[in-house]
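Undergrad: Below: one structure in structure tokens.
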Amino acid sequence: MIGRTISHYRILEKLGEGGMGVVYKAEDTKLKRTVALKFLPREALTSQEAKARLLHEAQAAAALDHPGICTVHEIDEAEGQTFIAMAHIEGQSLRERIASGPLALTDVLEIAIQTAEGLHDAHENGIVHRDIKPSNVMISSGGQVRIMDFGLARSAEQTQLTQAGTTLGTVAYMSPEQARGEMVNHRTDIWSLGVMLYEMITGQLPFKGDHEQAVMYSVLNEPPEPITGLRSGIPLELERVITRAMAKDPNERYQHLDEMLVDLRSLQKFSQGGTTSLPVAPSASSHAARPRTTRPMILVTLIAVVLVAVVLILTKPWERGSNVDPNRVVVAPLENRTGDPSLDLVGQMAADWITQGLSRLDGIKVVPTMSAIEYARDAGTEAGRKQETDQLRTLAKLTGAGIVISGVYYADGENLQFQTQVTDVEQGELIQALPAIRGPRDAPMESIEALRQQVMAAVALHVSEAHVTGKGSPPPAYAAYREYMLGMELFGSDYPQAIRHFELAAELDSSFLPPRVFMIYSYSNQGRRAEADSIYRIVDSNRGNLTSYERLYLDFLGALLRRDHAESMRLLRRLEVQSPYRGSIRYLIARVALKLNRPREAEQVMSEFRRWHDERREPIGSRGYHTWGFFVWADALHMQKKHSEELDIIRWAVEFFPDSEYFRISELAALVALGKLDEVNIVLDECMTLSDSREFQCDIVSEVACELRAHDHWDASPILRNRANQLYEEFIREDSVSEADRYFVADMLYSVEYWEEASALFEGLASDNPDDIDYMGHLGCLAARRGDRDEAVRISERLRRSKEPYLFGENTYWCACIAAQLGEPERAMELLREAFAQGYQYSAELHRDMDLQPLWDYPPFVELIKPKG
């Protein structure tokens, strides 16, 4: 063919060959331009199906006009050869780019975005490609992406061209429905784009096999290996995007490419300010490269140890026989089992280096090195030839430490191998047997530093009681643990920033579970349930690498996301048996008990938690769940109408957390319930000076208004209404406000019965977000309140028909509120029961919901909200 002229195209060279044809570079002698000619193989010309498909390719592609899609000039037949003339792209295919190695993050995102934009244009024109893969994506020398070969493209109106049971496309990139030979739509291209993204990042396919059927089985049945296990430095959000794109159920994928493009462009903006490449993750046995410590450095360390020893031996910082403190740690000198006495100092040097690292941890008290050496010697003498555990117990008794770090080191040729363990002597349990560390014997500090990072992470994780992990969980990289703790400090107050730290922790150590779990909590607590569910699926797809405790916790998390409260409680009770000393699990038990309308159980659990807390001699406030636990405790008492006890608990909490704004809201609720209205006004004045946050100030007015109404104190509302007026006047004077602020103000106005102003704001919010359940619910109740029954019923029916995911009965609950306002108590009760069956949860707010006020004295409602346990 080279040198021949077909029609008015002179063949220059062969570019490639595939199952659907041969492609040549050619010169268009009429228009003097270079083109690509694609010919159907001669042996396939007798197939009418193949001819029809080729003709369809040209027709489909010619209908598209987008810079990301290769331009088709014409289709023709000459000398018995059917061909398509298309633009020739100078550059290389994505397949060739990937063959050179995994791509930089910026390149991955740029190529993915351009490909998605081209495909989106095709989908908008009713065309599905059905064969997206790296060899069908060309990249010009200027970086422009062009999608090639619409040979499998299909019009949305056209029937399948293949025979029954036949599949098209390259198997490794096929969606499950395509592999099954089913009719496909645009979501099959989304799947293939996800596979391509995975391959660009990792350099390998997500679904593999020795033969075609094995690959198809993998596509249909097996989850891909998590990306973060193959490459480090990957934004977790990118893994979430790919996981969603490759969901085996088409209904769980992105439903349209514009949704995926939003996420990809957000990632691109983030990456432009940070990392531009995706470094290869080190193997499990490797450690970050560090400069080797020289022998003079070792001498400096030992001199420092000796100087510290002199002071400590003279001052004796602990009295022998002191009580064991669960947060005090002693590091015993590591035992030399090399057979070389000249290496004895290595064990003491390791103990000192680890001790220095542990001293940096918050909430940890560390026995200094030389005291540990002295006491370890005494422990060995006192224990005699007793077992090692007896010696550790004696060492703990002498130093008052509840946690003992011990270990040994062996000779392994020219290397040393260190093996350490962390023991909770107080409970008589092994906390962690750490993986072995191996390194050159002539530069032991390199290995000792890696050992120190291991021990610091294991101890910090144990003391912080990150309840997601259990016995046997590998310790995380300490850098990952630090990022996780930075996220925990922001958890509950600044979720976006907390998520950033959790993402970085997960990137630093892909096997560390807690950051991912608290990303799920963070998204869920913001109402971003799709993101929470997506991350849960990523973790769940890798559950085979988790410990039994972590899998159990993951099952609990799944039940929590499904709003299956009974199953959540069952799993928490199992977790409690495995970790009876974890206060965070008890907090979760109390919280779920409230959702099941069992406040007495929640109160009992929190009382037990307080006793446990006192036994541990742990200062209040050293755990995040202490803060949240006070709220649960107060709500449990409020639901039982134990308002005096509720007020005592909240005021006790305020002593420890004087800057916590939302404790004051709980305090106000208790004061209103007790009828102490003079104190209410005093606390209200104090609250308005605590924070200038519009959300906080509007919440105060809303909560107090609802509580006043529920306890027959609405006659005291004028003062509250004046506060609402002031906040509203400040609001309307502003030039621009966020959607969140508009909602807070609208909800506040609604709670003080400023119906007209509230209605105007909610109508504006609903016009911007017409599917928002909360906006619709408020508007439905407002219509019922003003007597517009038809409008209220119309909104209620729309709420019932809502197909929004992750509602868990919220739309049904709003329908119940509308029915109550329409004077239909039986219908309202039927809907309430249905809402709870769908996952809607009980809470302390239920008794004071102003939209259910017509039911407050209705016996079936009184029985429904009566505490059950």
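Undergrad: Starting from 0.36 nm per residue, how many nanometres of slack lie between Glu225 and Ile2 once their C-alpha separation is accounted for? Walk me through the numbers on the way to the answer.
TA: Working: separation 223, 0.36 × 223 = 80.28 nm, distance 4.49 nm.
Fully extending the segment from Glu225 to Ile2 adds 75.8 nm.
Undergrad: Another one. Quick one: what are the phi-derived ³J(HN,Hα) couplings along region 185-197, Karplus 6.51/-1.76/1.60 with θ = phi - 60°, whole Hz, x for glycine and proline?
TA: Ordered by residue, 3J(HN,Hα) equals 10, 4, 6, 5, 5, 5, 4, 4, 5, x, 4, 5, 4 Hz.
Undergrad: For region 760-835, which trypsin sites (Lys or Arg not before Pro) are both in a DSSP coil and crowded by at most 14 other Cβ atoms within 10 Å?
TA: Working: sites: Arg785, Arg786, Arg789, Arg794, Arg798, Arg800, Arg801, Lys803, Arg827, Arg833; in loops: Arg786, Lys803.
Of the trypsin sites (Lys or Arg not before Pro), the ones in loops of region 760-835 whose Cβ has at most 14 other Cβ atoms within 10 Å are Arg786, Lys803.
Undergrad: Between Val654 and Ser359, take the C-beta separation as r, use R0 = 35 Å, and let me know the FRET efficiency to the nearest 0.05.
TA: On the way: r = 33 Å, r/R0 = 0.93.
The pair Val654/Ser359 has a calculated efficiency of 0.60.
Undergrad: Hey, what do the phi angles of region 137-149 turn into as Karplus ³J(HN,Hα) couplings, whole Hz, using 6.51/-1.76/1.60 and θ = phi - 60°, x for Gly and Pro?
TA: In residue order, the calculated couplings are 10, 9, 10, 6, 4, x, x, 6, 8, 10, 7, 9, 6 Hz.
Undergrad: While we're on this one: Would you calculate the separation in nanometres between label points at Asn681 and Asp788, each defined as 7 Å from the Cα along the Cα-to-beta-carbon direction?
TA: Label at Asn681, label at Asp788, 3.8 nm between them.
Undergrad: Pop the C-beta distance of Asp540 and Val262 into the FRET formula with R0 = 22 Å and round what comes out to the nearest 0.05.
TA: Once rounded, the FRET efficiency stands at 0.35.
Undergrad: Please give the net charge around Ala634, taking every other residue with its beta carbon less than 11 angstrom from that of Ala634, where Lys and Arg add +1 and Asp and Glu add -1. The partial results should precede the final answer.
TA: Details: positive: Lys642, Arg651; negative: Glu603, Asp635, Glu645, Glu646, Asp648, Glu667.
Every neighbour counted, the sum reads -4.
Undergrad: How large is the dipole of region 794-869 about the Cα centre if only Lys and Arg carry +1 and Asp and Glu carry -1, each at its Cβ, rounded to the nearest 20 debye?
TA: Numbers: 10 positive and 12 negative charges, 45 e Å.
About 220 debye.
Undergrad: Oh, and also: Straight-line reach only, C-alpha to C-alpha below 20 angstrom: list the aspartates and glutamates that Lys208 could link to, leaving out same-chain residues fewer than 8 apart.
TA: Cα-Cα hits under 20 Å: Glu96, Asp131, Glu177, Asp189, Glu199, Glu222, Glu225, Glu239, Asp249.
Undergrad: Let me ask you something else. Residues with amide H under 5 Å of Asn415's amide H, sequence separation 5 or more or different chain, H placed in the peptide plane at 1.01 Å from N; which?
TA: Arg441
Undergrad: Let me ask something else. How far is it, in nm, from the label point at Ser767 to the one at Glu414 when both lie 7 Å from their Cα along the line to the Cβ?
TA: That separation, rounded to one decimal, is 7.8 nm.
Undergrad: Also, quick follow-up: In region 672-696, whose amide N lies under 13 Å from the spot 7 Å out along Cα-to-Cβ of Asp741? List them in ranges.
TA: Backbone N within reach: 692-696.
Undergrad: Using a cut-off of under 19 Å, list every residue of region 511-547 whose amide N is near the label point 7 Å from the Cα of Ala479 along the Cα-to-beta-carbon line.
TA: Taking a point 7 Å out along Cα→Cβ of Ala479, the residues of region 511-547 whose backbone N falls under 19 Å are 511-516.
Undergrad: So between Ala837 and Arg551, what do we pick up on full extension, going 0.36 nm a residue minus the alpha carbon distance? If you can, show how the numbers build up before the last one.
TA: Working: separation 286, 0.36 × 286 = 102.96 nm, distance 2.64 nm.
So the chain would gain 100.3 nm between Ala837 and Arg551.
Undergrad: Which length gain, in nm to one decimal place, applies between Arg733 and Ala433 when the Cα-Cα distance is subtracted from 0.36 nm times their residue separation? Please list the in-between numbers first.
TA: Numbers: separation 300, 0.36 × 300 = 108.00 nm, distance 6.25 nm.
Computed gain between Arg733 and Ala433 is 101.7 nm.
Undergrad: Explain nothing, just compute: Karplus ³J(HN,Hα) = 6.51 cos²θ - 1.76 cosθ + 1.60, θ = phi - 60°, for every residue of region 650-659 in order, whole Hz, x for Gly and Pro.
TA: 5, 5, 5, 5, 4, 4, 8, 10, x, 8
Undergrad: A follow-up question, please. Go through Lys14/Lys248; Lys365/Lys641; Lys595/Lys803 and tell me which ones have a Cα-Cα distance over 31 Å in this structure. List each step's numbers first, then the result.
TA: Values: Lys14/Lys248 38 Å; Lys365/Lys641 42 Å; Lys595/Lys803 24 Å.
Beyond 31 Å between Cα atoms: Lys14/Lys248; Lys365/Lys641.
Undergrad: List Thr188, Thr106 from most exposed to least, where exposure is judged by having the fewest other Cβ atoms within 10 Å.
TA: Numbers: Thr188 28, Thr106 15.
The order, fewest Cβ neighbours first, is Thr106, Thr188.
Undergrad: Next up: Mind listing which trypsin sites (Lys or Arg not before Pro) in region 712-758 are in a DSSP loop and have 10 or fewer other Cβ atoms within 10 Å?
TA: Working: sites: Arg721, Arg723, Arg733, Arg742; in loops: Arg733.
Loop-located and lightly packed - Arg733.
Undergrad: Label Lys868 and Arg337 with points 7 Å out from Cα along Cα→Cβ: what is the distance between them in nm?
TA: Label at Lys868, label at Arg337, 5.6 nm between them.
Undergrad: In what sequence, highest mean first, do 858-864, 697-703, 217-223, 80-86 appear when ranked by Cβ atoms within 10 angstrom?
TA: On the way: 858-864: 13.9, 697-703: 22.4, 217-223: 16.7, 80-86: 20.4.
In decreasing order of mean packing, 858-864, 697-703, 217-223, 80-86 become 697-703, 80-86, 217-223, 858-864.
Undergrad: From the Cα gyration tensor of region 478-542, with a ≥ b ≥ c the square roots of its eigenvalues, which class applies: rounded if a/c is under 1.5, or else prolate if a/b is larger than b/c, or else oblate? Walk me through the numbers before you get to the answer.
TA: Values: a/c = 2.53, a/b = 1.09, b/c = 2.33.
Because a/c hits 1.5 or more and a/b fails to exceed b/c, region 478-542 counts as oblate.
Undergrad: For region 658-792, what is the convex hull volume of the alpha-carbon atoms per residue, in Å³? Don't skip to the end; give the middle numbers.
TA: On the way: hull volume 15.7 nm³, N = 135.
For region 658-792, the hull spanned by Cα atoms encloses 116 Å³ per residue.
Taken together, the values in this text are just the output of simple stated rules run on the coordinates, not laboratory data. Quantities reported herein were computed from a predicted structural model and do not represent experimental measurements. We place every Cβ from the backbone using ideal geometry, glycine too, and count neighbours over all the protein chains shown.
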